[in-house]
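Read through the structure below, which is laid out as structure tokens, and then see the notes.
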Amino acid sequence: MKKIYLTIVSLSLLITQVALSQPTLTAANSTYVAGESFRYHSGTSFTASPPLVTSGANLTWDMSADVEPPTDTNNFVTPASTPYASFYPAATVVVENGGDYGYLFTSSSEISLMGNYSASSSLIYTDYLKEISYPFTYGDTYTDNFSDGGMGNYGTVTTTADGYGTLILPYGTFSNLLRVYYHILYIDTTAAIPDTSFEDLYVWYKPGTHGYLGEYYAVSNGAFTAYGIRYLDQSSVGIENLSGNENGFSVYPNPAHDLLFINLKERTSITSKVELVNTFGQIIKVVLLSGNGTINRLDVSDVPKGVYLLNVWAGQNKMCRKVIIG
């Protein structure tokens with residue numbers, strides 16, 4: 001089984017450390033919807049990152065140093081629009097990634113993987129692999145078996161909501177996330193030598209964002225283990241989900257053509273700066289802000305049209321806004 005089909009495939013803090021409410025995943029706030037796309041950055045290594053596997057309540061996980069290139073996109077489409085829908089008549093939505101298709105069954109009580117299909121390989125589960133059971137919140141756990149009906153591929157997944165808190169990504173900080181840990185055993189007896197492998201997936205979900213925000217994984221075949229990071233691109237997540245954005249500053253006009261005005265709502269003697277970041281995570285402008293006033297301007301007349309992230313730093317605190325240059 002290829003891991004990308006399993007759609008579950010962390011600077012200084014922007015917020016004061018306070019007790020967070022326990023987020024709960026439901027079908028209404030996290031089920032995949034046809035027409036949505038989620039772009040991801042990813043990278044692999046052979047070195048573990050123990051801090052990312054820490055479990056518990058009201059934690060902070062830091063992925064800010066793990067700057068990876070954009071690699072792929074999960075496109076959610078209707079089964080009828082795909083070439084292999086007839087093999088999965090009960091599928092309700094499909095995740096397409098580079099010509100490969102993962103067929104999913106979704107309902108008010110679960111999301112399950114029915115199998116994967118591409119031009120070069122196929123896998124059809126008769127006993128689906130359950131990705132999530134609804135509602136799901138901190139402390140919930142279950143174990144589920146999956147198989148292809150005796151054709152040689154089967155396994156077990158144990159799923160636990162083992163933490164909640166804040167995740168720091170290279171471009172911003174997200175609070176009120178539920179962390180879900182998946183331990184998956186795969187057994188493939190179709191080859192001459194049966195293959196057994198394990199995956200430990202640590203996945204961060206934010207209710208209301210259908211694509212997961214971050215993932216840390218360890219994949220082992222018994223002889224060696226590979227580790228990896230995957231996180232959602234800033235163009236695929238609503239800026240309203242970023243922490244610390246509520247009252248720190250405002251930007252106008254938005255969209256902007258030549259100038260952006262940045263209104264800091266409080267005067268500060270702390271050295272401040274503005275970064276304009278494109279959808280590839282590249283910083284294309286950096287401007288120091290005046291400490292003598294609250295309104296500053298940024299010349300964007302030479303910036304290509306598009307969607308950008310505006311980061312405003314005040315010392316070690318960062319606030320963000322999505323801006324459109326047009």
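Computed quantities for the displayed model
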{"read-out": "Residue list for region 182-228, filter: over 21 Å from T143 (Cβ atoms) and in a strand (DSSP E or B)", "value": "D195, W204, G214, Y216, T225, A226, Y227, G228"}
{"read-out": "Filter result for Y186 (modelled with pLDDT of 95 or more and surrounded by fewer than 20 Cβ atoms within 10 Å (Cβ to Cβ))", "value": "no"}
{"read-out": "Filter result (of a type in the set (G, A, S), touching a helix residue (DSSP H, G or I) at 6+ places or on another chain (Cβ under 9 Å) and open to solvent by 40 Å² or more (accessible area, probe 1.4 Å)) within region 108-125", "value": "S108, S109, S122"}
{"read-out": "Of all residues making up region 298-326, the number that are of a type outside the set (A, V, I, L, M) and modelled with pLDDT of 85 or more", "value": "5"}
{"read-out": "Count of region 131-147 residues which are assigned to a strand (DSSP E or B) and either open to solvent by 50 Å² or more (accessible area, probe 1.4 Å) or of a type in the set (S, T, Y) (or both)", "value": "7"}
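Conditions tested, residue by residue: (1) crowded, with 16+ Cβ neighbours inside 10 Å; (2) more than 22 Å from A27 (Cα to Cα); (3) more than 21 Å from the chain's Cα centre (by Cα).
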{"position": "Y181", "(1), (2), (3)": "yes, no, no"}
{"position": "D195", "(1), (2), (3)": "no, yes, yes"}
{"position": "F198", "(1), (2), (3)": "no, yes, yes"}
{"position": "V203", "(1), (2), (3)": "yes, no, no"}
{"position": "G208", "(1), (2), (3)": "no, no, no"}
{"position": "Y212", "(1), (2), (3)": "yes, no, no"}
{"position": "T225", "(1), (2), (3)": "no, yes, yes"}
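The values are calculated or read from the model by the stated rules, or taken from the named source; none is laboratory data. Bear in mind that the values here come from a model prediction, so they are computed numbers and not experimental data. For neighbour counting, all protein chains shown are included, and Cβ atoms are generated from backbone atoms with ideal geometry for every residue, glycine included. Just the protein is used for accessible areas: all its heavy atoms, side chains included, with ligands, DNA and RNA removed. Shrake-Rupley method; radii C 1.70, N 1.55, O 1.52, S 1.80 Å.
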